[in-house]
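**Student:** Mind looking over this structure? Questions follow.
What follows is calculated from the coordinates using simple rules that are stated; it is not laboratory data. Every value quoted in this text rests on a predicted model; they were computed, and no experiment measured them. Cβ: placed from backbone, ideal geometry, glycine included. Neighbour counts: every protein chain shown.
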Amino acid sequence: MALITLRQLLDHAASEGYGVPAFNINNMEQGLAIMAAARACDAPVILQASRGARSYAGDIMLRHMVEALSEMNPDIPMVLHQDHGNNDATCLSAIRHGFTSVMMDGSLEEDMKTPASYDYNVEITARVTRAAHAVGASVEGELGVLGSLETGEAGEEDGSGAVGKLSHDQLLTDPDQAVDFVLKTRCDALAIACGTSHGAYKFSRKPDGEILSMETIRRINEKLPNTHLVMHGSSSVPQALQDLINANGGDMPQTYGVPVEEIERGIAMGVRKVNIDTDCRMAMTGQLRKVAQEKRAEFDPRKFMIPAMEELEALCRDRFERFGAAGQAGRIKPVSMDEMARRYASGALDPQIAANKAA
Ligand code: G3H
Ligand code: 13P
Ligand code: ZN
């Protein structure tokens, strides 16, 4: 099956009331494990590559890897999405390399460290959206800066993340501004800030409403009922994976992620795309450490990778099932990028925006 666009997939998810995990991918083993999980439960897939992933694997390798995964899984609709694009060049070069969707993250300036002005964010997101829609690709924008309501800090994830102390106004997306942002940029999906941050160290305790503001999501969804919302920093940092890593020579301080049941509440309030990277990293690393610890004479990388892939597959399968994506793959009829471009050009995809205006 040819790759489909994010807009097509999230429109389906909205009409059926489910959410789709978006898993980050950097290498073949992650791809194989995610697709094995999708096959096992008949779920559509969003694979996303960060700028770091693109420089790690290379655009050509990523493109061919994803094409191979698609050919191996002809019944599974797949989206290839640019995670946290920082400028026009990143987004447009991704589309040129076969991505069907891009995130233009204008919540931060191009350096991915400095919180951007609202006007900058609107301008760059609208510009990228015009260019992407012309060729049928989808765009995710972001309004609000990811970071901790406990510390006011973003935490650094491989060079990306706001520096300095952030106010609650910056850390929580403003619902009225969100309406204005979607109307002006015409983005297909909106990433919001609600107290989550990237990486493993999100919360110092199991989060409650003080530090994970599901209320912000509810208020945005009330004003933008037809806009697909995206939760970033949505790894759950499972205790079992922390224990697995620490029991096998790791030294991760106790930490807390976003409980899966909170994500389920989010899905009931319009969240359609749920970004997960850290959990996938922890699943693989936990098993790699376990083999290294228990089989000290082992040197065949495949003996490390097979249990790592199995752990990742189990994690992905759980998220597909919990988010309601399981069983949906076979119900999606692919729409080509050309056809999506025609629909954007004819205004056929605009009623969503009109409906939001009326809401
Ligand atoms: O956006 C954050 C993701 O976890 C990607 O991380 O830049 O290290 O690939 P990365
Ligand atoms: P986690 O670090 O919580 O997995 O978040 C990943 C993410 O938001 C990628 O954009
Ligand atoms: Zn993110």
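**Student:** Using only the alpha carbon atoms of the chain, find the Kirkwood hydrodynamic radius as the inverse mean reciprocal pair distance, in angstroms to one decimal. Write down the numbers at each step before the final one.
**Tutor:** On the way: mean 1/r = 0.0494 Å⁻¹.
About 20.3 Å, per the Kirkwood formula over Cα pairs.
**Student:** Starting from the Cα of Asp251, step 7 Å along the direction of its Cβ; do the same at Asp176; then give the gap between the two resulting points in nm.
**Tutor:** A separation of 5.0 nm, rounded to one decimal place.
**Student:** Now a separate question. With +1 on each Lys and Arg Cβ and -1 on each Asp and Glu Cβ, and nothing else charged, work out how big the dipole of segment 16-171 is about its Cα centre, in Debye to the nearest 20.
**Tutor:** 400
**Student:** Among Tyr118, Tyr256, rank each residue by its count of other Cβ atoms within 10 Å, from fewest to most, as a rough exposure measure. Show your work: numbers first, answer last.
**Tutor:** Numbers: Tyr118 15, Tyr256 19.
Fewest-to-most ranking of Tyr118, Tyr256: Tyr118, Tyr256.
**Student:** Between segment 37-84 and segment 325-359, how many Å separate their Cα centres?
**Tutor:** Spelled out, the Cα-based centre of one part sits 21 Å from the other.
**Student:** Next question, about the same structure. Over the Cα atoms of segment 20-147, Rg to Rh with Kirkwood Rh, two decimal places?
**Tutor:** Numbers: Rg = 14.9 Å, Rh = 15.0 Å.
Over the Cα atoms of segment 20-147, Rg/Rh equals 0.99.
**Student:** For segment 91-211, go through all pairs of different Cα atoms, get the mean of 1/r, take its inverse, and jot down that Kirkwood value in Å.
**Tutor:** On the way: mean 1/r = 0.0672 Å⁻¹.
Here the Kirkwood hydrodynamic radius works out to 14.9 Å.
**Student:** Which value, in debye to the nearest 20, gives the size of the charge dipole of the chain about its Cα centre, when Lys and Arg are +1 and Asp and Glu are -1 at the Cβ?
**Tutor:** Working: 36 positive and 50 negative charges, 123 e Å.
The dipole magnitude comes to about 600 debye.
**Student:** Ok, one more. Please name which of Asn356, Cys280, Phe304 has its Cα lying farthest along the dipole of segment 224-359 towards the positive end, using unit charges on Cβ (Lys, Arg +1; Asp, Glu -1) and the Cα centre as origin.
**Tutor:** Farthest towards the positive end: Asn356.
**Student:** Nothing charged except the Cβ atoms of Lys and Arg (+1) and of Asp and Glu (-1): what's the magnitude of the dipole of segment 195-245 about its Cα centre? Round to the nearest 20 debye. List each step's numbers first, then the result.
**Tutor:** Details: 6 positive and 5 negative charges, 20 e Å.
Taking the Cα centre of segment 195-245 as origin, the dipole is about 100 debye.
**Student:** Give me the count of lysine pairs in the chain whose alpha carbons sit under 27 angstrom apart, restricted to pairs 8 or more positions apart or on different chains.
**Tutor:** Lysine pair count for the chain: 19.
**Student:** Starting with the highest mean, order 79-90, 11-22 by the number of other Cβ atoms within 10 Å, averaged over the residues of each peptide. Display every interim value, and only then the final one.
**Tutor:** Numbers: 79-90: 22.6, 11-22: 20.0.
Answer by packing, highest mean first, reads 79-90, 11-22.
**Student:** Say the dipole of the chain comes from +1 at the beta carbon of Lys and Arg and -1 at that of Asp and Glu; which of Leu9, Asn226, Ile192 then lies farthest toward its positive end?
**Tutor:** Working it through, the farthest residue towards the positive pole turns out to be Leu9.
**Student:** Evaluate E = 1/(1 + (r/R0)^6) for Arg342 and Ala268, where r is the Cβ-Cβ distance and R0 equals 56 Å; express this FRET efficiency to the nearest 0.05. Before the final figure, lay out each step's value.
**Tutor:** On the way: r = 33 Å, r/R0 = 0.59.
So, using R0 = 56 Å, E works out to roughly 0.95.
**Student:** Just from its helices, what would the mean residue ellipticity at 222 nm be for the chain, if runs of 4 or more DSSP H residues each count -39500 (n - 2.57) and the sum is divided by every residue, rounded to the nearest 500 deg cm²/dmol?
**Tutor:** On the way: 15 runs with 173 residues, N = 359.
It comes out at -15000 deg cm²/dmol, rounded to the nearest 500.
**Student:** Could you tell me which residue out of Pro77, Val128, Val271 lies farthest along the dipole of the chain toward its positive end? Charges go on the beta carbon: Lys and Arg +1, Asp and Glu -1, centred on the Cα centre.
**Tutor:** Looking along the dipole axis, the top candidate is Pro77.
**Student:** Follow-up question, since we're still on this one. I want the local charge near Gln8. Using Cβ-Cβ distances under 10 Å, sum +1 for each Lys or Arg and -1 for each Asp or Glu among the other residues.
**Tutor:** Values: positive: Arg7, Lys333, Arg343; negative: Asp11, Asp188, Glu339.
With Lys, Arg at +1 and Asp, Glu at -1, the net is 0.
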